[in-house]
Amino acid sequence: MADIPSLEPHDFWQELIPADAPLPVDDDSGYVDFYPARFPDGRRLLLPLRQLPGHRDRAVASLIANQASFPVEGALVEGMTAIARRYEPEVVVGLPTLGLSLARGVAKALGHSRYVPLGTSRKFWYREELSVPCSSITSPGTGKRLYVDPRMLPLLDRRKVAVVDDVISTGTSIRAALDLLSLAGVEPACILTAMVQTERWRSVLEEIRPDLPDRVHGVLRSPLFRYRDGRWHPDAPMGPN
């Protein structure tokens, strides 16, 4: 079965492929350049495969939400909003940087008048005790800190909160957000992502609360890949959404 021609870097995250459109790739033969992540309604989005730093035989499917076309971003927000409605959150909290536009879209779709953005840029009125160290799979070991604006604390007090990010992968970004919200006395009702990437995050969240992984939901899902026989193959099946 022939491979789809390689896409240019700027071509990714731009087009939603209909559910009934054939793709000349399958799980048995593995993948070369990209992975077709599937929406709940069957539509696919082609994601480039990125070799992990320091691992010659491991890769992940990459989603850069702020480079997505408006239709793709809209589909992601629509999917996340559908999940959010099951929890009836009163406040949406967005993680920087790529989760902020998605959080804004979800909050607006839910009928909220605003959302609460977390940030890594310290304003002079921020309080250091309302911050935690943070890193991510795309920016490891950067020495950044995650902050919540003290003026936003009344919006979170005794409210049902949904946390929104673009991708959950290793769990370090989400854990930082949960640690920060804990300082404000907040335990989120749900964690919403555009994509659940691998299963490596589960053990990180289970250390906080054994039932916390059950609150994590993603519109798309992608496994960890291992290189074998000239192709990338899913390393293990994904868990439940």
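A few notes on this one:
- Exclusive hit being hydrophobic (A, V, I, L, M, F, W, C) and touching a helix residue (DSSP H, G or I) at 6+ places or on another chain (Cβ under 6 Å), set 75, 109, 82, 61: 109
- Checked against (1) exposed (fewer than 13 other Cβ atoms within 10 Å of the Cβ); (2) assigned by TED's automatic domain parsing to the domain that holds residue 216, residue 80 meets all criteria but (1).
- Verdict on residue 203 being out of contact with any strand residue (DSSP E or B) (no Cβ under 9 Å at 6 or more places or on another chain) and on the phi < 0 side of the Ramachandran plot: yes
- Close contacts from the stretch 85-97, counting a first residue that is farther than 23 Å from residue 146 by Cβ and a second that is among the β-branched types (Val, Ile, Thr), with Cβ to Cβ under 7 Å and a gap of 6+ residues or different chains, come to none at all.
- No other residue among 148, 196 is assigned by TED's automatic domain parsing to the domain that holds residue 81 and under 15 Å from residue 92 (Cβ atoms) apart from 148.
- Checking 173, 182 one by one, the residue that is in the same structural domain as residue 95 (by TED's automatic domain parsing), assigned to a helix (DSSP H, G or I), polar (S, T, N, Q) and closer than 27 Å to residue 75 by Cα is 173 and no other.
- Each residue in the stretch 7-35 was checked for being modelled with pLDDT under 90 and surrounded by fewer than 17 Cβ atoms within 10 Å (Cβ to Cβ), and 16 of them qualify.
- Residue match in the stretch 146-166 (condition: at pLDDT below 95, within 20 Å of residue 53 (Cα to Cα) and surrounded by 18 or more Cβ atoms within 10 Å (Cβ to Cβ)): no
- Residue within the stretch 116-136 that is at pLDDT below 90, out of contact with any strand residue (DSSP E or B) (no Cβ under 8 Å at 6 or more places or on another chain), in the same structural domain as residue 197 (by TED's automatic domain parsing) and surrounded by 16 or more Cβ atoms within 10 Å (Cβ to Cβ) present: yes
- Taking the criterion of being assigned to a helix (DSSP H, G or I) and β-branched (Val, Ile, Thr), the residues of the stretch 50-100 that qualify are 72, 77, 81, 83.
- Residues that are surrounded by fewer than 22 Cβ atoms within 10 Å (Cβ to Cβ) and of a type in the set (A, V, I, L, M, F, W, C), drawn from the stretch 197-215: 204, 205, 208, 212
The values are calculated or read from the model by the stated rules, or taken from the named source; none is laboratory data. Given the structure is predicted, the values throughout are model-derived calculations rather than measurements. When we count neighbours, we look across all protein chains shown, and the Cβ atoms used for this are built from the backbone with ideal geometry, even at glycine.
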